[in-house]
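Reading through the structure tokens given below for one structure.
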There are 2 protein chains.
Amino acid sequence: MLNDESTNPGGEQLRARIAWFYYVAGLTQQEISDRLGIARARVNKIAGQLRADGSVVVDIRLPLLSCIKLEEQLKQVFGLKSVAVVPSADDDEQQRRMIGDAAGALLDVLIQDGQCISVGWGRTLSASIKQMRTRQLKDGSVVSLMGGLTRGSETNAFEVSTELAKTLGADCYYVTAPIYCPSIESREILLTHSGVNEVMERARRSDVAIVSCGDLTPRTKLTTIYSVRERLPELKDIGAIGEILGTFLDAQGFAVDHPLNQSVIAMPPADLKAIPNSILISGGLYKAEIIRAILSAGYVNCLVTDEAVAERLVRLAGD
Amino acid sequence: MLNDESTNPGGEQLRARIAWFYYVAGLTQQEISDRLGIARARVNKIAGQLRADGSVVVDIRLPLLSCIKLEEQLKQVFGLKSVAVVPSADDDEQQRRMIGDAAGALLDVLIQDGQCISVGWGRTLSASIKQMRTRQLKDGSVVSLMGGLTRGSETNAFEVSTELAKTLGADCYYVTAPIYCPSIESREILLTHSGVNEVMERARRSDVAIVSCGDLTPRTKLTTIYSVRERLPELKDIGAIGEILGTFLDAQGFAVDHPLNQSVIAMPPADLKAIPNSILISGGLYKAEIIRAILSAGYVNCLVTDEAVAERLVRLAGD
DNA sequence: GTTAATAAAATACAAAAGTATTAAACTAGA
DNA sequence: TCTAGTTTAATACTTTTGTATTTTATTAAC
């Protein structure tokens, strides 16, 4: 019936129509496929994608008292400006979706016209950015906080920065370098050339920094890089418990003395302290340690995490 | 596990947790019932309610080109300030859900601190208000535009105003009278007494008016009232095609000369013209006629409707 | 024009959601 | 303490959803 205009243009109009019918009107997938004259399997696939890619966003308008309480406690204990706590899930991807949902909402209000937003990378940040509302930031810019992976993926530095810039309608500056250099010397060469230093300087002057962190288990993306994985035992030996911006930290939040930390191409964590709004977005109980280290060191002033982590952070704070 | 605190308090915390797990994390209802230690059927029921009562709101972030085009055309043709067009559905309830979704979003940005919001009633308005975000309006007030039904229902004047006032965190003023008086004389008595006049005067000075409209078929709530239903033939005979604020209009948008129009307790449609923002929220092709009449008369300056109606309005405008 | 590659439709089936019914637990009032 | 009324759990069953497989169009390159 409405096929000429609705099903064809780029598939985008079809997606929009399915979004309305399925998520707002509540039609069954069968009804939608009948009306639009396409296979039900296709409706099913698209309906799934819409949620995953952030085209359909859900907003929970019921406060969870236990989470609100933890938010207040964390603000107090670590002197944070803003904290969001979401329920815990035992599956990592589910957890990322919930944290991303809350982080997206937080960033929506935090980011203003004329600001420069610096951003790390990882699956959690990728999920958060997908939940943000698209807008046209006046004089906004996005700048990468760290080098990327050679091998492309959705969660790579370039993709995450690009996605964020697109969402905000802002220009994007990339750290065109690998996250770890093969040697300390090659790092020097890269920094002095190729404009990497200029971009890092720009990141240092950003208004909002969005970062995640990793522990030393294979659950963290960074540890899947070969050059990191093979040195995990060394790192653990000298007291490292995780990383932020590719820099490995000990339990007090200090960078450990290790070649990897000397060869990393990223803003040093300590420089985050100079940025007005620095948000750590990270959840999962196995990351509680490194999150605690980062908060103790005062690298960030905003936090988005899950209930179980928040509980442990509050409990350990008594020590 | 988390039962003490999460399942008990008023059921509200349980609802919040289900909302997160089901709509954000994407757990199955079985997984949620296991984790929370309650029956799956209960999770199923609550998950359904959450959508229906506006605790979980979905936001479609894909523009429908055909609808945007119609919005622009309608603005032009009828000189409207703001128009929202959503896809059409053949089921009335689905249609109301979609229109309510769009209307809620429009009202969210339109309503400001310090404003007085006047509101009619009906199923469409009820659905719209449920989609609005709850907030604490500074010095805001809500006032009813018309009398209610004796028999209570979710879509009655008192319920709709109350709900809106609660959502906005505002005071509420009711028109404590039936929508139609048994006689013209009793109307006079009611108006001069019982503060109804004062409330109507307040409505006249409101900043935003939210209204719906009805046609003369049984699909419209108003026509199910006995006193209206039995006089439908008369109304049709003298050219009435529908109503706004309980006042029956002809195709040009003028109030018809009929006892019902003399006994109605509501603000006259013409007074809407003096209100800075007046929003007509109504969809369904069978209402196209009356919507057209209202727009032609210039009673409102904002419109939320569906695609099929919008198309017809634009097409008929050529005549 | 033929062919490989891709996308969509058709089909079938297992998992999950929705719904009704009955049994059990709980609550408020006598 | 009992009883009527209400809420929740347990169960069974139907519809809808998610997914894999095969077949049929469509497209692009040769």
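A Förster radius of 35 Å combined with the Cβ-Cβ distance from A:Asn44 to A:Thr217 puts the calculated FRET efficiency at roughly 0.50. Note on chain A: GNM, Cα springs under 10 Å; of A:Arg35, A:Arg96, A:Arg123, the largest mean-square fluctuation is that of A:Arg35. Cα centroid distance between region B:231-306 and region A:18-61, in Å? When both Cα centres are located, 35 Å separates them. Placing a label point 7 Å from Cα along the Cα-to-Cβ axis, A:Ala52 is separated from the same position in the other copies by 3.2 nm, shortest listed first. Are there residues in region B:61-80 whose accessible area shrinks by at least 30 Å² when all protein chains are included rather than the chain by itself, and which are they (probe 1.4 Å, ligands and nucleic acids not counted)? By number: B:Arg61, B:Leu62, B:Leu64, B:Leu65, B:Ser66. Only beta bridges with both residues in region A:65-316 are counted; by DSSP, about 30 percent of them are antiparallel. Residues considered: B:Asn44, B:Asn261, B:Asn156. Largest GNM mean-square fluctuation over chain B, using C-alpha springs under 10 Å, is found at B:Asn44. List for region A:85-122: residues with 30 Å² or greater reduction in accessible area, all protein chains versus chain alone, probe 1.4 Å? The answer is A:Pro87, A:Gln94, A:Arg97, A:Met98 - residues whose exposure falls by at least 30 Å² when every protein chain is included.
A:Phe78 contributes an accessible area of around 40 Å² to the protein surface, as traced by a 1.4 Å probe with all chains present.
On a per residue basis, the protein assembly as shown carries 42 Å² of accessible surface, using protein heavy atoms and a 1.4 Å probe.
Pairs from the list B:Lys130/B:Lys166; A:Lys75/B:Lys166; B:Lys75/B:Lys273; A:Lys130/A:Lys273; A:Lys81/A:Lys221 with a Cα-Cα gap above 19 Å: A:Lys75/B:Lys166; A:Lys130/A:Lys273; A:Lys81/A:Lys221. Over all other residues within a Cβ to Cβ distance under 10 Å of A:Asp90, the charged ones net out to -2, with Lys and Arg as +1 and Asp and Glu as -1. Springs between Cα atoms under 10 Å define the GNM used for chain B, and in it the highest mean-square fluctuation of B:Ala16, B:Ala270, B:Ala41 occurs at B:Ala41. Using 1/(1 + (r/R0)^6) with R0 = 41 angstrom and r between the beta carbons of A:Glu234 and A:Thr134, what's the FRET efficiency to the nearest 0.05? It comes out at approximately 0.40. Surface composition of region A:157-208: carbon plus sulfur atoms contribute 54% of the solvent-accessible area (1.4 Å probe, protein chains only, all chains present).
Would you mind calculating the relative contact order of chain A from Cα pairs under 8 angstrom and at least 6 residues apart, reporting the percent as a whole number? Relative contact order here is 18 percent.
Bridging of A:Lys45 to aspartates and glutamates at a Cα separation below 13 Å is possible for A:Asp53, once same-chain residues fewer than 8 apart are set aside.
Ranked from shortest, the separations from the 7 Å Cα-to-Cβ label point of A:Lys236 to its equivalents in the other copies are 8.2 nm. The helix-based estimate of mean residue ellipticity at 222 nm for the protein assembly as shown, built from -39,500 (n - 2.57) per DSSP H run of four or more residues and divided by its residue count, is -12500 deg cm²/dmol to the nearest 500.
Roll a 1.4 angstrom probe over the protein heavy atoms and tell me the percent of accessible area of region A:211-319 that is carbon or sulfur. Could the numbers behind the result be given before it?
Numbers: 2070 of 4010 Å².
Roughly 52 percent of what the probe reaches on region A:211-319 is carbon or sulfur.
If you take each beta carbon of peptide B:23-34 and count the beta carbons of other chains within 10 angstrom, what is the mean? All intermediate terms of the calculation are to be shown ahead of the outcome.
Working: counts 5, 16, 13, 9, 4, 0, 0, 0, 4, 0, 0, 0.
Across the residues of B:23-34, the mean count of other-chain Cβ atoms within 10 Å is 4.
Between A:Gln76 and A:Asp108, the FRET efficiency estimated from the beta carbon spacing at R0 = 25 angstrom works out to 0.50. The modelled label-to-label distance between A:Arg315 and A:Arg205, using points 7 Å beyond Cα along the C-beta direction, is 4.6 nm.
Enter the buried accessible area of the A/B pair, total of both sides, probe 1.4 Å, in Å² rounded to the nearest 100. Mind showing how you got there, number by number?
On the way: alone 15340 and 15350 Å², together 26580 Å².
Between A and B, the summed buried area is about 4100 Å².
Entry for chain B at q = 0.08, 0.10 Å⁻¹: log10 I(q)/I(0) = -0.39, -0.60, Debye formula applied to identical alpha-carbon scatterers, no solvent contribution. For region A:1-103, the relative contact order works out to 16 percent when only alpha carbon pairs closer than 8 Å and six or more residues apart are counted.
The values are calculated or read from the model by the stated rules, or taken from the named source; none is laboratory data. Predicted, not measured: the structure shown is a model, and the values here were computed from it. Note: ideal-geometry Cβ built from the backbone for every residue, glycine included; neighbour counts use all protein chains shown. We work out accessible area using only protein heavy atoms, side chains counted, and drop any ligands, DNA or RNA first. Shrake-Rupley method; radii C 1.70, N 1.55, O 1.52, S 1.80 Å.
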